[in-house]
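Report on one structure; see the data block that follows.
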Amino acid sequence: MRHRPTRLTALALLGSALAVLATAAPPVTAAGAERPGQRHDRPVLPAVTPRAETPTLHDDEAGGNADADDPAIWRNPADPDRSLVVATAKEGGLRVYDLDARVVQSVPAPPAPGPEDAPGRFNNVDLVHGLRLGTGGKAGHRSRPADAAVTTDRGRDRLRVYRITAPGRSGTAPLTDVTDPAAPPVFSVGGQGEINAQRTAYGLATWTDEASGRSYALVSRRERTRIALLELLPTARGTVTYRTVRTLDLPASFRLPNGRSWSPCAEPGEQPQVEGMVVDPAHRVLYAGQEDVGIWRVRADLTGAPVLLDKVREFGVPGTYDEETEECAPGADPGFGGRHLAADVEGLTLLPGRGGGGRLLASSQGDDTFAAYDRRTAARTPGYGSGTAYAGGFRVVAGRGPLDGAEECDGAAVLNAPLGRRYPHGLLVVQDGRAGDPQDGERASTGFKFVALEDVRGALKG
């Protein structure tokens, strides 16, 4: 998510960092031990430019409270040129785009169940391939494999599931809602009142276990550290529901090398939440971005102990919450943070390579960059400071004509597969948290940028 005023924002820290022209991260010795207090110049990262951008969304009443957040890329196997990008727009529901970034379909979020209740609010989206959906006929009818888009409905604390059908040339809508009407809340057990408090389903990553053929959604909880593993359950009626398999709580406080305990500054009662997530199916691991902390690795079935792969630069910086201003004032930086991420850690996506190689990509929202990690190293390193998983980074900057770059990026998705004549080598889609025309003035304006994957590979040199 974009920075809230109650967070210890990266802007304040970035200002102090620029004053000394250096990073907030400590060096690492040959033995992997940190030496707090020393700072290093940040490298200038290569830039890539988008090939296309979606129409601007506006998070206000006139714009339907539509706020771009998270994309997913669906490849049409029969006609890659007619592949799609499915993306969330918060209260604006879902948007489906073609490869020219034009709107193909708008799917509204569900209305509020009552006048005082929260409406639907679609936060993150991911895809499931080959989900065996019932035909909707009598019990016992054979199921058929289908691709589906799964989204977290933060407003109603549900998962929503949409069958994907290749759009017909006559304009057939590609998404069809197949959510079971009886699908339960993901986290809320206290009824609608608890749902209205909005500590609800938030981040999302899907995963299909090749050994069992079962499909899962990993879902994080807003303003909490909890992640839930949900099994997706198709019904004979052609709908999809789910059940909770297990949950995992990441740490909310941390012991620093100086012996002190630290938690990220936030509004009282909030814990450091997770949003960006992705599963590496080859290594059966989940990567989860705890926004003000860093990137965690844990088994995709949520068993075993989580490992902190990398930390944000602001890790360990104390902050004081001011109830009057509803902001956090940062204290002195003790130098225990990472080098490559500026809070918040946001969209995580996997760029597969040959033989199990490739990159894990992460949106470093606080400085408008993207960090890349070696896939093999990230899957096996025992923890922060003990491996060399970081493999470079890049920025998405303004292109030709009206195409601007990506700033304050929330979600990202990559597909390493040919997508016809427009993107023959694959595609990266990133959210732009400050999109739109300067004439929009103070309107909250967001959208998505389409970047050719060969340009990303060039920036990362592989």
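What list of ³J(HN,Hα) couplings, whole Hz, do you get for segment 146-153 from phi and the Karplus terms 6.51, -1.76, 1.60, once you set θ to phi - 60° and write x for glycine and proline?
8, 8, 9, 9, 10, 9, 7, 9
Of the listed peptides 91-99, 113-121, what is their order by residue-averaged count of other C-beta atoms within 10 Å, with the highest listed first?
91-99, 113-121
Using Cα positions and a limit of under 16 Å, work out the aspartates and glutamates in reach of Lys461, with same-chain residues fewer than 8 apart set aside.
Of all the aspartates and glutamates, those that pass the test against Lys461 - Cα under 16 Å, at least 8 places apart if same chain - are Asp374.
Round to a whole number: what % of the accessible area of the chain belongs to carbon and sulfur, probe 1.4 Å?
Ligands and nucleic acids excluded, carbon and sulfur give 49 percent.
Based on the mean of other Cβ atoms within 10 Å per residue, sort peptides 366-376, 153-163 so the most packed one is first.
Descending mean neighbour count gives 153-163, 366-376.
Considering amide H positions built from the backbone, and no H for Pro or chain starts, which residues 5 or more places from Gly319, or on another chain, come under 5 Å of its amide H?
Cys265, Gly331
Just how far, in whole angstrom, is segment 288-358 from segment 187-211 if you go by their alpha carbon centroids?
Here the two parts' Cα centres lie 21 Å apart.
Going by alpha carbons, how many degrees (0 to 90, nearest 10) lie between the helix axis of 10-20 and the longest principal axis of the chain?
So the helix axis and the longest Cα principal axis differ by about 30 degrees.
Check Gly392: other-chain or 5+ apart residues with amide H under 5 Å from its amide H, H built from backbone geometry?
The answer is Ala372.
Could you give the accessible area per residue of segment 147-254, probe 1.4 Å, as a whole number in Å²?
38
Please calculate how many Å² of accessible area segment 255-354 carries per residue, with a 1.4 Å probe and no DNA, RNA or ligand atoms counted.
Result: 38 Å² per residue.
Restricting to segment 264-357, compute how many DSSP beta bridges are antiparallel as a %, nearest 5.
Within segment 264-357, antiparallel bridges account for around 95 percent of the total.
Report the relative contact order of segment 65-174, percent, no decimals, based on alpha-carbon pairs under 8 angstrom and at least 6 residues apart.
This gives 19 percent for segment 65-174.
Relative contact order, percent, of the chain when contacts are C-alpha pairs under 8 Å separated by at least 6 residues?
Worked out over the chain, it gives 17 percent.
Counting pairs of alpha carbon atoms under 8 Å apart in space and at least six apart in sequence, what relative contact order in percent does segment 193-287 give?
Here the relative contact order equals 26 percent.
Where does the chain land at 222 nm, in deg cm²/dmol rounded to the nearest 500, when only DSSP H runs of n ≥ 4 count, each adding -39500 (n - 2.57), divided by all residues?
So the helix-based figure for the chain works out to -1500 deg cm²/dmol.
Please list 227-236, 205-214, 65-74 highest first by mean number of surrounding beta-carbon atoms within 10 Å per residue.
Result, highest mean first: 65-74, 227-236, 205-214.
The values are calculated or read from the model by the stated rules, or taken from the named source; none is laboratory data. None of these values were measured; they are calculated from a predicted model. Virtual Cβ from ideal backbone geometry, glycine too; neighbours counted across all protein chains shown. Each accessible area value is taken on the protein alone, full model and side chains, heavy atoms only, with ligands, DNA and RNA left out. Shrake-Rupley method; radii C 1.70, N 1.55, O 1.52, S 1.80 Å.
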